[in-house]
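Note sheet for the following structure.
The values are calculated or read from the model by the stated rules, or taken from the named source; none is laboratory data. No experiment lies behind these values; they were computed from the predicted model shown. Please note: Cβ atoms are built from the backbone with ideal geometry, for glycine as well, and neighbour counts cover all protein chains shown.
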Amino acid sequence: MAALRAHCVLLTGSNRGIGLELVRQLLGGPHPPTHIFATCRDPEGPRGKELRDLASKHPNLVLVKLDVADPSAIVSAAKIVERKLNGAGLNLLINNAGIFTPVSLETVDSEEMIRAYKTNAVGPLLMAQAFLPLLKKAAQDSKEKGLSCNKAAIINISTVLGSIERTPESYFKPVISYRCSKAALNMLTRCQALTYGEAGILCVALHPGWVKTDMGTQEADLTVDTSVQGLLSVLPILSEKHSGMLLNWEGKAIPW
Ligand code: NDP
């Protein structure tokens, strides 16, 4: 099986749930990255404790404060990462942070719609803009042919709930702001693939399955361990034929 060999990885929302497990499994994998930038809103506070414990044991783990709903924080984080990389590029950007509110068409208001878009769609867009020079650098420096996560990639953690075609089967879940913001993220992924592909950057949206986290609840199908094992075995097989697609944690395509 192909293995992920990205030298430098950055994740958002990495203090709990899927993000934290991605950090854990990346650190414990067969080819740990030389730099993992684990970003979260409050690395110094109680919510960052597990990440701090990991960072105390793994010198390749760097914690960076980042609220993806704050455009100026994104720009500052990119500057910090650029300084730490000292001329190297960023191979893999994983836009994982997300929010989910149970609201229906009847109960949602404009504030909630905007809040969901800011975190779930605008955040990933601004992250890619800010980190683009570092992703391009990684692509230029790589000797690999074609597109891959080892070379340079943007992975947007999306959901089947953002698939327009698959909406009827899950429409009993009243999460309108989440659905619309993730459908926007899916569109963003396709546009990023068409734009950034020329620079050697792979862009894919991944659905992690229904996962037992604070967001997914304990009723979900998958443990976070199983979902993340799946995601990390899909990343190394991604190539140009997947760029601009929405795939699940087992690598199967999901229709838009
Ligand atoms: P959790 O609710 O467990 O964790 C969400 C993470 O996102 C937390 O680290 C949280 O940080 C962070 N976050 C939220 N808003 C922001 C922000 N503005 N800036 C930075 N970080 C932020 O969710 P999951 O781990 O389950 O979900 C991770 C991703 O997977 C999301 O994009 C979600 O949509 C997607 N997904 C999850 C599914 C599931 O079943 N769990 C199913 C399909 C998709 P903080 O602690 O500061 O709040």
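Annotations for the structure displayed:
- Selection from the range 219-247 of residues that are out of contact with any Leu (no Cβ under 7 Å at 6 or more places or on another chain) and not in a helix (DSSP H, G or I): Glu219, Ala220, Asp221, Leu222, Thr223, Met245, Leu246
- Restricting the range 129-181 to residues that are within 27 Å of Lys118 (Cβ to Cβ), of a type in the set (D, E, K, R) and away from the ligand (no atom under 16 Å from the Cβ), the residue that is nearest to the chain's Cα centre (by Cα) is Lys136.
- Every residue from the range 193-206 that is over 20 Å from Ser233 (Cα atoms) and either within 16 Å of the ligand (Cβ to nearest atom) or among the charged types (D, E, K, R) (or both): Glu198
- The residues in the range 26-49 that are closer than 20 Å to Gly216 by Cβ and either surrounded by fewer than 17 Cβ atoms within 10 Å (Cβ to Cβ) or of a type in the set (Val, Ile, Thr) (or both) can be counted, and the count is 1.
- Unique residue being assigned to a loop (DSSP other than H, G, I, E, B), under 17 Å from the mean Cα position of the chain (by Cα), farther than 15 Å from Ile18 by Cβ and within 16 Å of the ligand (Cβ to nearest atom) when the list is Gly216, Gly209, Gly251: Gly251
Table: residues versus (1) surrounded by 19 or more Cβ atoms within 10 Å (Cβ to Cβ); (2) of a type in the set (Ser, Thr, Tyr); (3) at positive phi.
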| residue | (1), (2), (3) |
| --- | --- |
| Tyr178 | yes, yes, no |
| Gln192 | yes, no, no |
| Pro208 | yes, no, no |
| Thr213 | yes, yes, no |
| Asp225 | no, no, no |
| Gln229 | no, no, no |
| Leu238 | yes, no, no |
| Trp249 | yes, no, no |
| Ile254 | yes, no, no |
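- Pairs with Cβ under 8 Å, 6+ apart, first in the range 155-170 and more than 28 Å from Ala6 (Cα to Cα) and surrounded by fewer than 24 Cβ atoms within 10 Å (Cβ to Cβ), second modelled with pLDDT under 95 and of a type in the set (Lys, Arg): Leu161/Lys173
- Summed over the range 10-57, the residues that are within 16 Å of the ligand (Cβ to nearest atom) and not in a helix (DSSP H, G or I) give a count of 17.
- Within the range 140-154, residues that are on the phi > 0 side of the Ramachandran plot have Cβ atoms under 7 Å from residues that are of a type outside the set (Lys, Arg) and not in a loop (DSSP other than H, G, I, E, B) in these pairs: Gly146/Glu240, counting only partners at least 6 apart in sequence or on another chain.
- Selection of the range 194-243 for residues being under 26 Å from Pro32 (Cα atoms) and small (Gly, Ala, Ser) yields Gly197, Ala199, Gly200, Ala205, Gly209, Ser227, Gly230, Ser233, Ser239, Ser243.
- Helices (runs of 4 or more DSSP H) (entirely within the range 77-189) containing at least 1 residues that are under 28 Å from Pro32 (Cα atoms): 123-141
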